[in-house]
Amino acid sequence: MGADGFPDLSRLLAPRSVAIVGASERPRSVGCDTLRNLAEHSDFDGEIFPVNPGRDRVLGLRAYPGMSALPGPVDVAVLCLPAEAVIAALRDCAAAGTGFAVVFTSGFGETGAEGRATEAGMAAIARESGMRIYGPNSPGLSNINRRLGLTFSPVFKDDRLGGGIGLVTQGGGLGRAFIQASERGIGTGLWCSTGNEADLTMADFVHHMVGDPDIRVIALLAEGFRDGPRFLRAARAAARAGKPVVAMKVGKSDYGVAATRSHTAALAGSAAVTSALFRQHGIVEVDDLDELIDTAALFERAGIAPRRGICVYSFSGGTAALAADMVGNAGLTLSDLAPDTRAGLRALAPSYAAVENPVDLTTQVFTQDTLNHDCLSLVARDPSTDVVLLPIPADYGPITDRAAEDMAALGPDSPALLLPVWMSGHRARGYAKLNEAGLAPFRSLGKAVAALGRLIWRGDWQLSEAEAPALPDFPPGDLDEAQAKAALATLGLTVPEGRVVAGADAAQRAAREIGFPVVLKALVPGLLHKTEAGAVAIGLADAEALAAAWETMAAALARQGHGLDRALVERMEQGPGVEVMAGLHRDPVFGPVVSFGLGGVMVEALGDVSHRAAPFGRAEARAMIDEIRGRALLGPLRGRPGADLDALTDLLVTVAALGA
């Protein structure tokens with residue numbers, strides 16, 4: 001384990017020796033396909049040790065009866081065994097000094113309590129021996145950049161196109177679909193599919209890819225997170241290294257959560273909290289597999305850089321208008337072409353062409369061979385244009401072939417990012433030409449604009465680092481409202497003036513000291529929702545109103561089996577002002593999380609809440625405030641002064657520090 005708490009995975013992802021436990025010659029068996037993938041379809045020049053007690057040789061390689069018979073420890077042991085044999089095999093691997101064990105087999109944590117107990121046994125073997133375990137319920141891993149497959153997939157031999165995308169998944173099918181985007185010219189350099197994560201988790205592989213010089217963008221397909229805070233640490237490492245992370249989280253609906261539990265037994269968590277914490281850590285979230293592929297490919301080409309101006313460029317007026325609509329509806333900005341650019345376009349294009357942005361060259365490109373090349377060169381060099389969106393509505397044979405060649409020729413030297421969109425279902429030579437040139441076209445305008453919006457968002461995003469300020473010790477154990485407010489006051493937070501009382505007469509004395517109007521709140525252990533229980537009375541203007549409220553409250557609580565032994569009398573805070581909520585809870589996946597929104601019934605009625613993992617600094621706190629839909633209510637409104645946003649920012653930072 002490194003000083004940063006993450007393991008060195010180099011022996012797993014680029015081993016020098018591999019044992020295949022359960023190696024076989026039986027066609028279409030896991031043991032046979034795995035051995036063939038390593039021995040025949042990988043460029044692996046290390047040592048391969050088939051382990052099979054019933055054979056002397058497997059596929060021409062010397063076989064060994066068990067791990068203890070090997071000439072020495074191996075970097076990786078791949079277990080191709082039924083579930084009931086896995087634990088004993090892991091013990092044998094650990095005893096033989098194996099570095100990593102890869103477990104394909106399913107039938108563990110995803111099946112229920114007994115399976116989870118078996119996985120806990122796997123984790124114990126890892127802790128006690130130092131051997132790390134990958135899986136179970138995993139299809140293995142593919143280091144395509146190194147032509148290494150530790151997988152039973154019968155189609156690994158077709159994984160030929162590497163690249164700068166690192167892919168981390170928990171399931172195999174969607175990961176395989178991503179890999180097969182190589183047919184579109186989108187290559188994946190490294191794919192790790194972690195399965196049930198009895199030991200190694202997604203966070204470990206994200207962290208490894210941060211330090212892998214071959215990987216430029218990290219794509220995630222997550223069903224849940226075994227250790228949310230550790231995953232966020234890996235995400236912060238990626239942000240510091242300038243490596244974009246693009247993620248698709250499944251298990252957002254009740255149906256999806258149930259499906260993930262039966263698949264990899266992942267901890268799905270709250271979708272709202274997960275999405276908010278993704279944004280906090282610069283993770284670009286997408287909604288489906290096509291978006292994951294398109295967005296990751298775009299980041300691989302473009303990296304992370306601030307971008308603003310978009311020029312829509314086409315030879316179809318309707319297509320140009322559609323693209324401009326989509327750009328505007330997405331809140332993105334069309335560039336204002338420079339006078340020199342417009343003059344150059346007018347000199348080249350027919351008089352009826354549109355040269356203001358969107359640019360429409362019309363069908364004149366069908367008859368003027370160099371028109372597209374010359375005009376595209378001008379637009380790509382326009383000083384206010386960062387991205388040229390190039391929708392191609394249909395295949396026009398040699399016309400679109402030539403347009404693709406123009407883009408390919410200009411692409412490497414283009415100051416602006418060229419984004420072709422091939423909208424036709426007919427995949428022609430022009431489409432292939434764009435793929436070959438590393439300009440894999442989007443297949444719809446909607447996907448292209450969505451990916452472009454995410455690219456622009458990530459280019460603007462900045463990592464906000466925060467150290468938790470030192471705070472006084474907070475009292476341990478459960479606190480009632482009065483005790484909690486007293487403790488919060490020691491942290492510098494302003495709380496209403498109040499007194500704890502033990503009867504109606506004491507309540508009246510306290511109210512006279514504080515000054516009417518007052519609020520009366522019952523202090524009943526375990527009673528969380530006071531309003532519903534009749535345990536709150538507000539706006540009590542005098543002693544008679546307070547006495548009546550005490551009697552009514554005592555009767556309401558008695559009907560529920562509670563006594564009114566203690567209560568809190570507080571000053572009634574009066575306007576002007578806007579009620580807001582700042583809450584802290586321990587999320588079961590990510591740990592301490594701060595939530596902010598409009599207060600009172602508005603929180604539950606509107607669900608207008610922002611979230612952040614604690615701790616964080618003032619910049620993140622201010623972003624939380626600005627993020628809610630009701631933000632306008634905190635500003636000046638119809639003669640009413642705006643809220644004290646600096647004080648609100650300080651409050652959120654303090655609450656976050658308390659969480660840390």
What are the ³J(HN,Hα) values, in whole Hz, obtained from phi via the Karplus relation 6.51 cos²θ - 1.76 cosθ + 1.60 with θ = phi - 60°, for each residue of segment 288-293 in sequence order, with x given for Gly and Pro?
8, 5, 4, 5, 4, 5
As I understand it, the value is the acute angle between the Cα axis of helix 271-280 and the longest principal axis of the Cα atoms of the chain; what does it come to in degrees, rounded to 10?
70 degrees
Would you please name the trypsin sites (Lys or Arg not before Pro) within segment 363-428 that are DSSP coil residues with at most 16 other C-beta atoms within 10 Å of their C-beta?
Arg427
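What is the percent carbon and sulfur in the accessible area of segment 535-660, measuring with a 1.4 Å probe over the protein chains and ignoring ligands? Could you put the intermediate results ahead of the total?
Values: 3460 of 6370 Å².
With neighbouring chains kept in place, the figure for segment 535-660 is 54 percent.
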Segment 398-442, relative contact order in percent, only Cα pairs under 8 angstrom and at least six apart counted:
48 percent
Would you give the gap between the C-alpha center of segment 176-226 and the C-alpha center of segment 265-332, rounded to a whole Å?
19 Å
Cα pair distances of the chain binned at 20 Å [whole percent]
16, 37, 31, 14, 2
With the other protein chains left in place, how much accessible area per residue, in square angstrom, belongs to segment 351-429 at a 1.4 angstrom probe?
41 Å²
What list of ³J(HN,Hα) values in whole Hz, one per residue of segment 54-60 in order, does the Karplus curve 6.51 cos²θ - 1.76 cosθ + 1.60 (θ = phi - 60°) give from phi, with Gly and Pro shown as x?
x, 9, 7, 9, 9, 6, x
If you take every residue apart from Ala77 with its C-beta less than 15 Å away from the C-beta of Ala77, what net charge results, scoring Lys and Arg +1 and Asp and Glu -1?
0
Taking amide hydrogens as modeled 1.01 Å from N in the peptide plane, which residues meet the under 5 Å criterion relative to Val359, leaving out close sequence neighbours?
Val312, Tyr313, Ser314
For the residue pair Ala660 and Asp45, what label-to-label distance in nm results when each label sits 7 Å from Cα along the Cα-to-beta-carbon direction?
4.9 nm
What list of ³J(HN,Hα) couplings, whole Hz, do you get for segment 78-95 from phi and the Karplus terms 6.51, -1.76, 1.60, once you set θ to phi - 60° and write x for glycine and proline?
9, 9, 10, 9, x, 4, 5, 9, 5, 4, 4, 5, 5, 4, 4, 4, 5, 5
Burial order of peptide ranges 554-564, 201-211, 509-519, 304-314 (average beta-carbon count within 10 Å, highest first):
201-211, 304-314, 509-519, 554-564
Can you work out the accessible area per residue across segment 92-240, with the rest of the protein chains kept in place, probe 1.4 Å, in square angstrom?
31 Å²
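In segment 102-161, what percent of the accessible surface is made up of carbon and sulfur (1.4 Å probe, ligands and nucleic acids excluded)?
Working: 1200 of 2370 Å².
Looking at segment 102-161 in its full context, I get 51 percent from C and S.
To one decimal place, what Kirkwood hydrodynamic radius in Å is obtained for segment 59-164 from all pairs of distinct Cα atoms?
On the way: mean 1/r = 0.0668 Å⁻¹.
Kirkwood hydrodynamic radius for segment 59-164: 15.0 Å.
I'd like the carbon and sulfur percentage of the solvent accessible area for segment 319-469, probe radius 1.4 Å, heavy atoms only, ligands and nucleic acids excluded. Let's see the in-between values first.
Details: 3340 of 6500 Å².
Answer for segment 319-469: carbon and sulfur cover 51 percent of the accessible area.
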Linear extension gain, Ile538 paired with Ser351, 0.36 nm per residue minus alpha-carbon span:
60.0 nm
Compute the acute angle (0 to 90°) between the alpha-carbon long axis of helix 481-490 and the principal axis of greatest extent of the alpha-carbon atoms of the chain; round to the nearest 10°.
70 degrees
Shape of segment 139-243, Cα gyration tensor, a/c cut at 1.5
oblate
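For segment 317-397, how big is the tail of P(r) above 17 Å, as a whole percent of Cα pairs? Before the final figure, lay out each step's value.
On the way: 1476 of 3240 pairs.
Pairs farther apart than 17 Å: 46 percent.
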For segment 464-583, state the average projected area of the convex hull of the C-alpha atoms over all orientations, rounded to one decimal in nm².
9.4 nm²
Helical mean residue ellipticity (222 nm; -39500 (n - 2.57) per DSSP H run of 4+; nearest 500) of the chain
-11000 deg cm²/dmol
Sorted by chain and then number, the residues having a modelled amide H within less than 5 Å of the amide H of Ser106, at least 5 places away or on another chain, are Asn137
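The values are calculated or read from the model by the stated rules, or taken from the named source; none is laboratory data. Bear in mind that the values here come from a model prediction, so they are computed numbers and not experimental data. Positions of Cβ are generated from backbone atoms using ideal geometry, with glycine treated the same way; all protein chains shown enter the neighbour counts. The protein model used for the area step is the full one, side chains on, heavy atoms only, and it has no ligands, DNA or RNA in it. Shrake-Rupley method; radii C 1.70, N 1.55, O 1.52, S 1.80 Å.
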